[in-house]
Amino acid sequence: MSQNERTFIAVKPDGVQRGLVPEILSRFWNKGYKLVAIKLTLANEDLLREHYADLTSKPFFPSLLSYMLSGPVLATVWEGKDVVKQGRVLLGATNPLASAPGTIRGDFAVDMGRNIIHGSDSVESAEKEIGLWFKKEELVDYKPTLTSWIYE
Ligand code: UDP
Ligand code: MG
């Protein structure tokens, strides 16, 4: 299993406004994942239509758009073994009421339309989303000094 797998994780506008950025970053760092890119940014409709391409015909899409445009988003990329799947485990279920305590959505959210965080659902969508939200030169290449304490 590759230590170089990458996922796209975004703190949504409600998570940013509620001051949950440090808590959310800590969950990924504490697990042992490597931060590869990070920026606070405003989305735009074109970007979101590509990001959520499979959802544009859903009835909730207009409210999802206005939610995601309601303030800055913290876009991040994390790297490590099984990070796509494990990232989804850290997030919890799409519906926060179905998310176990201990997960990010389970601990900090109630409504589906205010579920504070996005995470890629597959390696393929991670690659697509990283390419949409970041330029190549924004992905930082370095070796964390703790690597040998996290990987055997
Ligand atoms: N969403 C919603 N109502 C729904 C389903 C989804 O408001 O019935 C929102 C929710 O914020 C979710 C996002 O649309 O996070 C994207 O939906 P997806 O099914 O991809 O869930 P996710 O991958 O974020 O868990
Ligand atoms: Mg999704």
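Dividing the radius of gyration of the alpha carbons in segment 49-131 by their Kirkwood radius gives 0.95 for Rg/Rh. Per-residue packing, averaged as other Cβ atoms within 10 Å, sorts the ranges 48-61, 92-105 into the order 92-105, 48-61, beginning with the highest. Listed peptides 36-43, 132-139 appear in the order 36-43, 132-139 once ranked by packing, highest mean of other Cβ atoms within 10 Å at the front.
When the C-alpha to C-alpha distance is required to be over 22 Å, the pairs from LYS31/LYS135; LYS58/LYS85; LYS58/LYS135; LYS12/LYS128; LYS58/LYS81 that qualify are LYS31/LYS135; LYS58/LYS85; LYS58/LYS135; LYS58/LYS81. For the chain, the alpha-carbon coordinates run over 47, 35, 27 Å along the three principal axes, in decreasing order. Solvent-accessible area per residue in segment 6-136 equals 48 Å², computed with a 1.4 angstrom probe and all protein chains kept. Note on segment 6-136: antiparallel DSSP beta bridges, both residues inside, total approximately 95 percent of the bridges counted.
The values are calculated or read from the model by the stated rules, or taken from the named source; none is laboratory data. What you see is a predicted model; the values in this text were computed from it and never measured. Here Cβ is always computed from backbone atoms with ideal geometry, including for glycine, and neighbour counts include all displayed protein chains. What goes into the accessible areas is simple: the full protein's heavy atoms, side chains included, and nothing from ligands, DNA or RNA. Shrake-Rupley method; radii C 1.70, N 1.55, O 1.52, S 1.80 Å.
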